[in-house]
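The values are calculated or read from the model by the stated rules, or taken from the named source; none is laboratory data. These numbers come from a predicted model, not from an experiment. Cβ placement follows ideal geometry from the backbone for every residue including glycine, while neighbour counts extend to all protein chains displayed. SASA here: full protein model, heavy atoms, side chains in, ligands and nucleic acids out. Shrake-Rupley method; radii C 1.70, N 1.55, O 1.52, S 1.80 Å.
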Amino acid sequence: MTQPFIDFISQSPSAYHAAENVATSLEAAGFTRRAVLDDDATRPGGHLIISDGAVIAWWVPENPNPRFRVVGSHTDSPGLMAKPDPDVVREGFRQVATEVYGGPILASWFDRDLTFAGRVVTTDRKEHLVNTGAVARVPNLAIHLYRGDMPEIDRQVHTQPILGVDRPLLELAAESAGLAADDIVAHELITADAQRGEVIGDLLAAGRLDNLTSVWASLEAMLAAKDDAQDILVLAAFNHEEVGSASTAGAGGPMLERVLTKVAAAFGEPSEIIANSIQVSADAAHAVHPNYPGKHDPTHHPLINKGPVLKINANQRYASNAATEAEWILACRAAGVPHQTFVGNNAVPCGSTIGPISSTRLGLPTVDVGVSLLSMHSARELCGVDDMDYFVRALSAFYTGAQ
């Protein structure tokens, strides 16, 4: 599975690309892209909607159980977002004015070949995906010009990439999509590491593993499980998780609720069906770093290539509870896949996911899981080759309700 996953990463430098690639793969498998949620959206077969870098897909079996099995993930990753007026010229260099998106490890973005990717809207109000290829770089200051530790990174001053050619970013973006720069009215463009993912022994180094590991695994699991499904299967890949999910395309928005409510109404009372359903919130987990093992709880040490990680937090930073945890563990057992557990060190705050947000909004029982990573939120992260296979198999067993 490794090379197809690397291809997916390479073809998904932004949330908008990731969502479109999921939709395209599902359409090739017979899913229908829908502009509106009408009664046809409840008929047997595959359906999907896509909006603002998010995609929701669902599979309705013949005579399904009135129950959803949802896998939720997110398409966005941290990076440097081009500002509305991005063109800057300083000391003879053409640069890009950027705003920090999410919580990237800023130092990791220095001295990397960067592409700008995302969407532009043209004068005819049409959206176009763009990907410039490697055109930019944030250069480090030479060590000879400072002594001691690296100076602190100023998020406003030091994160402005230089372009390799003396041409504005929007001109480069337009050219990559076969457009005229003057036709671009608005844009959402973010940096991505232009280097292709690489296998290093039994490890995979690539950008955007948080959270394309989950987006791709849920896509593969949906395709593998749909013909054996008895419940209604749902893939929900949201945008804007890295900045809080509070958007129309985020887990805090209405997209998933609209789909579940519409489909459920064809089979019974929507609120009861949703309450009787289950969601896997799939997002990357923290593997124990061999140089910083003290950052983890001493009795819970997730390791790379030892199976997907069940994430638990007593303070509800994750949505897992005993009932949903059992469902996940049983799915792993049915798939013949090892599993691990992450619980945070009491002295080290943990992050959160879409799980508590969509669970609270919908009353949807949820378990938080994910593939373990090192260097999470770096421009280039690290996961295990075996873990991607394990994750697809476990999600497939979850979708089919295998025992």
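Some notes on this structure:
- Per residue, the convex hull volume that the Cα atoms of the chain enclose (Å³): 142
- Residue ranges 40-46, 86-92, 171-177 sort as 171-177, 40-46, 86-92 when ordered by packing (mean number of other C-beta atoms within 10 Å per residue, highest first).
- The chain, helix-only ellipticity at 222 nm - DSSP H runs n ≥ 4, -39,500 (n - 2.57), divided by all residues, nearest 500: -7500 deg cm²/dmol
- Gaussian network model of the chain, Cα within-10 Å springs - most flexible of A142, A97, A334: A142
- Shape box of the range 1-156 [Cα atoms, principal axes, largest first, Å]: 70, 38, 25
- By the compact-protein rule of thumb, 2.2 N^0.38 Å, the alpha-carbon radius of gyration of the range 127-265 corresponds to a ratio of 1.45.
- Here the 3J(HN,Hα) profile of the range 23-37, calculated from phi with Karplus coefficients 6.51, -1.76 and 1.60 at θ = phi - 60°, is 4, 5, 5, 5, 4, 5, 8, x, 6, 9, 7, 10, 8, 9, 9 Hz, Gly and Pro shown as x.
- Pairs of Cα atoms farther than 27 Å apart, the range 270-403, %: 17
- Looking at the range 1-78, the accessible area is 36 square angstrom per residue; that uses a 1.4 Å probe and ignores ligands, DNA and RNA.
- Each peptide in 121-133, 317-329 was scored by the mean count of other Cβ atoms within 10 Å over its residues; highest first, the order is 317-329, 121-133.
- Accessible-area composition of the chain, carbon plus sulfur, in percent [1.4 Å probe]: 50
- Solvent-accessible area per residue, Å², over the range 141-227 with all protein chains present [probe radius 1.4 Å]: 50
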